[in-house]
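To start, the structure under review is shown below, and the notes come after it.
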Amino acid sequence: AKIVDIINKAETTHSLTKEEIVDLLRCDEYDQQLFLAADRVRSQYVGDQVHLRGLIEFSNICQQNCFYCGLRKENTKVKRYKLTPDTIIDLADKAKSYNYKTVVLQSGESQSYTVADMQYIIRSIKALGLAITLSLGEKSRDEYQFYKEAGADRYLLRIETTNSRIYKELHPGMSFENRLRCLQDLKDLGYELGTGCLVGLPNQTMECLADDILFFKSLDADMIGLGPFIPNADTPLAQERGGTFNTSIKVMAITRLLLPDANIPATTAMETLDKNGRIIALQSGANVVMPNVTEGEYRKMYMLYPGKICVNDTPKHCVSCITGKIQGIGRHISTEFGFRQSKKLTN
Ligand code: 5AD
Ligand code: SF4
Ligand code: FES
């Protein structure tokens with residue numbers, strides 16, 4: 001089929017075959033039409049509001065060794081930190097003062113906080129009237145359940161890649177099956193579920209990326225965060241080429257066409273490759289931004305990849321910076337929690 005027909009089909013039916021997605025990804029001639037279609041679907045299904053989520057990177061301690069990530073356990077160049085529970089709660093309170101309605105509590109994967117610590121943090125932040133997204137990696141079903149009961153609303157756990165061979169190569173000591181188990185447990189427990197992938201991993205093909213997009217759809221993910229893989233010098237993938245901005249935006253735009261009412265962030269990694277990356281993403285299907293609310297020296301210490309934006313900026317500066325940019329393209333900062341639209345209707 002012609003590329004424009006595939007874009008039309010995606011815009012009207014929100015479904016594509018793997019072959020059609022691969023055709024879209026391989027051909028760059030109609031990218032503008034693809035981005036415009038994704039922007040129309042975004043506008044029609046989730047509107048012009050942009051949801052801001054305040055990101056708290058509360059600890060960079062990690063027991064895993066993901067080949068692409070600067071926080072991997074074997075990277076001894078990283079100075080490790082963990083914020084105290086009360087410091088985390090205080091940052092959430094500051095996020096509230098910037099009118100963020102959601103905080104995202106993100107850390108490396110570790111046991112450095114007890115379940116009781118996390119329950120205390122979650123309950124205290126809930127008492128502030130904020131929605132909570134957790135991003136703590138792989139945990140037992142019980143642990144996910146305790147945090148849900150304490151008040152957590154959403155959970156982010158990227159599948160990273162659905163190609164089980166690549167997954168295995170890049171995640172020593174981890175298993176693809178356990179990651180799927182985690183995603184299923186989170187869904188069953190009633191979390192709003194976020195997943196996503198890296199674009200441009202070694203040996204990843206357009207077919208792999210098409211499978212990733214179809215996976216998001218079959219999981220019926222509520223949120224999909226994706227961005228380019230950016231090689232980090234202090235990791236085993238230092239010499240790799242990494243993903244491109246354009247392919248990342250295309251994967252995101254196709255994801256919007258197939259999951260029309262999902263929440264899709266314009267990610268920090270996109271802005272690392274293009275200085276207008278988040279705005280381009282917001283005009284190509286995205287409807288969420290996650291500004292960092294971590295303070296001081298800790299921002300620099302959460303270096304997943306080089307060139308991460310905002311490392312020398314304050315939370316206050318970031319809120320006014322991103323607000324100005326969003327209003328500059330005629331969009332509005334949402335004053336609502338920004339749960340997935342269809343959830344609001346069905347629950
Ligand atoms: N480049 C881009 N994204 C990365 N992440 C980790 N390392 C990198 C990198 N080098 C992403 C992973 C993880 C998220 C928190 O950060 O996808 O899920
Ligand atoms: Fe740890 Fe997450 Fe980085 Fe993997 S991606 S090394 S689990 S912080
Ligand atoms: Fe942090 Fe612009 S969002 S400086």
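May I ask for the net charge around Asp86, where only other residues with Cβ less than 11 Å from the Cβ of Asp86 are counted and Lys, Arg are +1 while Asp, Glu are -1? Could the numbers behind the result be given before it?
Working: positive: none; negative: Asp90, Asp93, Asp117.
That works out to -3.
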In the stretch 3-336 the accessible area split gives carbon plus sulfur, as whole percent at 1.4 Å, a share of 49 percent
Cα-centred dipole magnitude for the stretch 1-119, charges only on beta-carbon of K, R (+1) and D, E (-1), debye, nearest 20: 500 debye
Can you give me the relative contact order of the stretch 3-336 as a percent, contacts being Cα pairs under 8 Å and 6 or more apart? 24 percent
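Can you compute the helix-only [θ] at 222 nm over the chain? Use -39500 (n - 2.57) per DSSP H run of at least 4 residues, normalise by all residues, nearest 500 deg cm²/dmol. Each step should come with its number before you reach the end.
Numbers: 14 runs with 151 residues, N = 347.
So the helix-based figure for the chain works out to -13000 deg cm²/dmol.
Tally Lys and Arg at +1 and Asp and Glu at -1 over the other residues with C-beta under 12 Å from the C-beta of Lys139: what net charge comes out?
Values: positive: Arg141, Lys148, Arg179, Arg181; negative: Glu109, Glu138, Asp142, Glu143, Asp185.
Once positives and negatives cancel, what remains is -1.
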So how compact is the chain: Cα radius of gyration and Dmax in angstrom? 18.9, 57
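With the other protein chains left in place, how much accessible area per residue, in square angstrom, belongs to the chain at a 1.4 angstrom probe?
Working: 14270 Å² over 347 residues.
Dividing the accessible area of the chain by its residue count gives 41 Å².
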For the chain, give me every cysteine whose Cβ has no other Cys Cβ within less than 4.7 Å, ordered by residue number. Cys27, Cys62, Cys182, Cys197, Cys208, Cys310, Cys318, Cys321
Check: C-alpha center the stretch 102-168 vs C-alpha center the stretch 1-63, spacing in Å is 26 Å
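The values are calculated or read from the model by the stated rules, or taken from the named source; none is laboratory data. None of the values given here were measured: they were computed from a predicted structure. Cβ atoms come from the backbone with ideal geometry, glycine included; neighbour counts cover every protein chain shown. What goes into the accessible areas is simple: the full protein's heavy atoms, side chains included, and nothing from ligands, DNA or RNA. Shrake-Rupley method; radii C 1.70, N 1.55, O 1.52, S 1.80 Å.
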